[in-house]
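Notes to accompany the following structure.
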Amino acid sequence: MKKSSKTPFMAAPDYGKSLNGFSINILSTNLPRALVFQSEVLAAEILHEDEDLLIVSGYSSHWMVHADHTYDKHPMLDDTRCADRRGAGVELRLHGRDPDIASNRALELGFQVLDGPRDQPDHGLREVHIVDDDGYVWVPDVPVKT
């Protein structure tokens, strides 16, 4: 459940549509500590921070750190609590790969589709969550057609 009432540096759908290439989403149990790590240890620039989300930039890349509570209705949150799966709590996002095609291909080849494909209007993206054989969650996405 989203907690923040802070105005983001950019509307979420606009930010989602601006992404390209490859990025990651990391889930965090302690966003204030994640902020310290990202800014002080990694020396990354914090583009946005609130109780729900950090949007981080550095080294020619952008990534996001979400508080666990923002995934309260997403099957990936339960997945992060599973200590037996490598990569739990990380989304590997591939911007520009059609999620419907990726989902169909994943199912044909026996991979698990965790969620989607579906439109995420709040993010401006159509996405699917696919688990690879090593347990990593890949999220191919494209901008929502308007």
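No lab work stands behind these numbers, since they all come straight from the coordinates. Note that the structure is predicted; figures quoted are calculated from it, not measured. All Cβ positions, glycine included, derive from the backbone under ideal geometry; neighbour counts span all protein chains shown.
Things to note:
- Residue within region 74-85 that is assigned to a strand (DSSP E or B) and surrounded by 15 or more Cβ atoms within 10 Å (Cβ to Cβ) present: no
- Test: residue in region 133-144 that is assigned to a loop (DSSP other than H, G, I, E, B), touching an Asp or Glu at 6+ places or on another chain (Cβ under 9 Å), surrounded by 15 or more Cβ atoms within 10 Å (Cβ to Cβ) and of a type in the set (Val, Ile, Thr): yes
- Residue that is touching a residue at least 24 places away in the same chain (Cβ under 8 Å) and either crowded, with 20+ Cβ neighbours inside 10 Å or within 19 Å of Leu31 (Cβ to Cβ) (or both), where the choices are Arg97, Arg93: Arg93
- Among the residues of region 49-68, those that are touching a residue at least 24 places away in the same chain (Cβ under 8 Å) and exposed (fewer than 15 other Cβ atoms within 10 Å of the Cβ) comprise Glu51, Ser61.
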